[in-house]
Amino acid sequence: MFLYLKALHIIFVVTWFAGLFYVVRLFIYHVEAEDKPTEVKTILQNQYQIMTKRLWYIITWPSAIIVLITASLLLINNPTWLTFGWMHIKLGFVLLLYLYHLRCHKIFKDLQKNNIKTTSTKLRIWNEGATLLLFAIVFVVVLKSTLNWIFGVLGILSLGIILMILIKWYKKYRAKKASL
């Protein structure tokens, strides 16, 4: 039973992350549609609202809930895992991931009302949050050793800095391309 539970946990972690990665892309497209002519904007934003709602409630939320259930059952089955430092670090990152998810829910609710409160550039940066958390969680779980996960987290921070630089570069590239 344990291995089935573990397999389900991993499967739903993957689907949860897929949902988180894609939903923020849809947020970006929704916000960028604001700059289109009225008729096009209305069609696009309505379609993005439908797509986002289906993704959010059919894939992302159920996956997050199933991950929580399977993780709880795994910990109940193996309570000694809670004595390990790496597990505390992992659970800290997982808590950040659930907070990220809840913040995405707030953005989702706002965009369902066409209440745009942020820019597509900020959403592009926000989109990298799930990526950084995924890297952090995987490195901590796989490496477990204190020294190794410290280097892993430093690598993640470096990756974050590189991603921010690339996002800024991409924004300049798009602006330059649009002006041609």
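Readers should treat all values here as calculations from the given coordinates under stated rules, not as data from a laboratory. All values derive from a computational prediction rather than experimental measurement. Cβ sites come from the backbone with ideal geometry, for glycine too, and all protein chains shown count toward neighbours.
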- Please identify which residues in the range 126-146 have an amide N closer than 11 Å to a label point set 7 Å out from the Cα of Leu159, following the Cα→Cβ vector. 129-140
- C-alpha long axis of helix 61-77 to longest principal axis of the chain, angle in °: 10
- Query: Given Cα pairs under 8 Å that are at least 6 residues apart, what percent is the relative contact order of the chain?
  - Reply: 27
- So what is the 222 nm mean residue ellipticity for the chain from helices alone, if each DSSP H run of at least 4 adds -39500 (n - 2.57) and you divide by all residues, rounding to the nearest 500 deg cm²/dmol? -30000 deg cm²/dmol
- Rg to Rh, two decimals, where the chain supplies the alpha carbon set and Rh follows Kirkwood: 1.04
- Note on the structure: Between the Cα axis of helix 38-54 and the main Cα principal axis of the chain, the angle (0 to 90°, nearest 10) is 20
- Message: For a test of the definition: using alpha carbon positions, the gyration tensor, and the 1.5 limit on a/c, classify the range 94-180 as rounded, prolate or oblate.
- Response: oblate
